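The values are calculated or read from the model by the stated rules, or taken from the named source; none is laboratory data. Here the structure is a predicted model, which is why all the values come from computation and not from measurement. Ideal geometry is used to build each Cβ from the backbone, glycine not excepted, and the neighbour counts take in all protein chains shown. Just so you know, the surface numbers come from the protein's heavy atoms only, side chains and all, with ligands and any DNA or RNA stripped out. Shrake-Rupley method; radii C 1.70, N 1.55, O 1.52, S 1.80 Å.
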Amino acid sequence: MKGTGMRPSQRVAFFPAAIAAAALSLAGCAASTPVETAGSSTPGATAPAAFRADSLVTVTFPDGKLSFQHPKGWHVEFFNASESPYVGTATVFDPTSQAKISIYTGQIADVVASSAARTVLETDPVPGLVGQSFPTPHSSFFVDRSGDAATYRMGLTPGLPVSPDGEVRDGLVMLGDRVLTADVVFTGQPFANDEEAKAWYWGTEGQALKALLMSFSYR
């Protein structure tokens, strides 16, 4: 789905506020605990053509259920808030140690609602999550506009970011009784317009981040 203008609609987003706050407060002392296997591939995952399987590293959350891939040279820091039930976060960093993707898996904590008009720039179903969540989670890149403000977002969405009749869809990917969110970290206003955003998306960094989002799998 490309360049689709959408009418204003109610947007509902869920945020694991308590866990996120705890993770931030302890980030300075939490150790990086990656579980990585260089050159391995996640079953069912499909990376963009620019990325070969041997250029990706597979990472698995400490409970052994949720996995994803990132380019070699990047790294991951985990924060485990609870072992049972498992609740944790992961932050993916590029080679310059700049945070690129924030991931949360656990339980719903908070609800925030706002209105926005959404334009979907790109969206694709995640192969490794087919059959694990309904509707099938997508790797999506889109922009929400409210008045003169434009907020570019990229991450996992529960199905299409916008329904066929133009209704904005927000929510959480549900894996059984577990919540999954994965969002690209944008600082400030990253793009001047949609054309600039699309150029970035199809560039090296945008495609590396898409490869990561498309690589999620759950068992």
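Restricting the search to the stretch 123-133, which residues are open to solvent by 20 Å² or more (accessible area, probe 1.4 Å) and touching a residue at least 12 places away in the same chain (Cβ under 8 Å)?
Taking the stretch 123-133 as the starting set, the residues that turn out to be open to solvent by 20 Å² or more (accessible area, probe 1.4 Å) are 124-125, 127, 130-132.
Within the stretch 123-133, 124, 125, 127, 130, 132 meet the criteria.
Being assigned to a strand (DSSP E or B) and open to solvent by less than 30 Å² (accessible area, probe 1.4 Å) is the filter here, so list the residues in the stretch 175-197 that pass it.
Selection gives 175, 178, 179, 180, 181, 182, 184.
Of the numbered conditions (1) touching a helix residue (DSSP H, G or I) at 6+ places or on another chain (Cβ under 9 Å); (2) modelled with pLDDT of 90 or more; (3) of a type in the set (Phe, Trp, Tyr), residue 61 satisfies every one except a single condition; which is it?
Result: residue 61 fails condition (1) only.
Name the residue that is modelled with the highest pLDDT, counting only residues in the stretch 80-112 that are among the β-branched types (Val, Ile, Thr) and outside any strand (DSSP E or B). Spell out how you get there, then give the answer.
First, pick out the residues of the stretch 80-112 that are among the β-branched types (Val, Ile, Thr): 87, 89, 91-92, 96, 101, 103, 105, 108, 111-112.
Retained after the next criterion (residues that are outside any strand (DSSP E or B)): 96, 108.
On the way: 96: 96, 108: 69.
Of everything passing the filter in the stretch 80-112, 96 is modelled with the highest pLDDT.
Would you check if residue 73 is open to solvent by less than 60 Å² (accessible area, probe 1.4 Å), at pLDDT 50 or above and within 20 Å of residue 100 (Cα to Cα)? Spell out how you get there, then give the answer.
Details: open to solvent by less than 60 Å² (accessible area, probe 1.4 Å): yes; at pLDDT 50 or above: yes; within 20 Å of residue 100 (Cα to Cα): yes.
In short, yes.
Here's the yes/no breakdown for (1) touching a Gly at 6+ places or on another chain (Cβ under 9 Å); (2) in a strand (DSSP E or B); (3) of a type in the set (Ser, Thr, Tyr); (4) more than 16 Å from residue 214 (Cα to Cα):
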site	(1), (2), (3), (4)
141	yes, yes, no, no
145	no, yes, no, yes
152	no, yes, yes, yes
156	no, yes, no, no
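Within the stretch 194-207, is even one residue touching a residue at least 60 places away in the same chain (Cβ under 8 Å), of a type in the set (Ser, Thr, Tyr), farther than 21 Å from residue 90 by Cα and in contact with a Lys or Arg (Cβ under 8 Å, 6 or more places away or on another chain)?
The answer is yes; a qualifying residue exists.
Say whether the condition of being modelled with pLDDT of 95 or more, under 23 Å from residue 73 (Cα atoms) and not hydrophobic (A, V, I, L, M, F, W, C) is met by at least one residue in the stretch 184-199. Please lay out each step first, then the result.
Initially, the stretch 184-199 is screened for residues modelled with pLDDT of 95 or more, giving 184-186, 190-199.
Applying the additional criterion that residues be under 23 Å from residue 73 (Cα atoms) yields 184-186.
Narrowing the set further to residues that are not hydrophobic (A, V, I, L, M, F, W, C) leaves none.
Checked the stretch 184-199: no residue is modelled with pLDDT of 95 or more, under 23 Å from residue 73 (Cα atoms) and not hydrophobic (A, V, I, L, M, F, W, C).
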